[in-house]
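Readers should treat all values here as calculations from the given coordinates under stated rules, not as data from a laboratory. Source: prediction; values computed, not measured. Ideal geometry is used to build each Cβ from the backbone, glycine not excepted, and the neighbour counts take in all protein chains shown.
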Amino acid sequence: MSTLDLFHSAAPGEPERIGPCAFVLHGYALSQEQALLSAIAGIEDRAPFRRMVTPGGLTMSAALTNCGALGWTTDRRGYLYTAADPDSGRPWPDMPQAFAMLARTAAAAAGFRDFEPDACLMNRYASGARMSLHQDKNERDFGAPIVSVSLGMSATFLFGGLARSDRVMKLLLHHGDVVVWGGEDRLRYHGVLAPEGATHPLLGDCRINLTFRKAG
Ligand code: MD3
Ligand code: FE
């Protein structure tokens, strides 16, 4: 079977398997788009999107913010989760009910029961912004899955293997798609190319991605 066949093997509405423990739920968040967008607006008010500087001194092209008990940030020591927003000194905004519910039901639909995320990292990609290949390793427990929700413009997601040099597969993610990664796929290298295609009627010329994690 070719790589492309793998991406079209699911029946409509079925989770599409893209790895041993990784699934795409096409359009899973669509029915929640209004609730999600108004929740994002509320979070942005309290904790604006900002572009982080990596420990190596490079400014990331995507802008980020967080909600939930813990938020992912950078400082001179490296990457870390903190309870407070370093820009304001205040706790990160609470995780909205609509976020927590979506993450939990999507995880369950992909076979991961009782997912209780304590962190939601929100990435905003303006045109040209991207995220290069990396692993997500700052969470305490790799046993919990990661749930990702794509909103706005489409973008090509890259997923590789457990070594940076492993072959990378590509998957175009659209507004409303949800991806769930767990088990042996949890530590795969991954990245995302700049937003592509038409601007989005609700979000304009950007893509927003929510990633739910159990970080603490
Ligand atoms: C696969 N974000 O924030 S989400 C990140 O589209 C990040 O904003 C990308 O990578 C984005 O760290 C990709 C999908 C995703 C998130 C975490 C993963 C895929 C993953 C962890 C392991 C394997
Ligand atoms: Fe990541």
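Worth pointing out:
- Spin-label model, Gln34 to Arg140: label points 7 Å out along the Cα-to-beta-carbon direction sit 3.9 nm apart.
- Longest segment of the chain lacking trypsin sites (Lys or Arg not before Pro) that sit in a DSSP loop with at most 14 other Cβ atoms within 10 Å: 1-50
- Ordered by the number of other Cβ atoms lying within 10 Å of each residue's own Cβ, fewest first, Tyr28, Tyr189 fall into the sequence Tyr189, Tyr28.
- Between Arg76 and Asp114, full extension at 0.36 nm per residue minus the direct alpha carbon distance yields a gain of 10.2 nm.
- Pair Ser165, Ser127: separation of 7 Å Cα→Cβ label points (nm): 3.8
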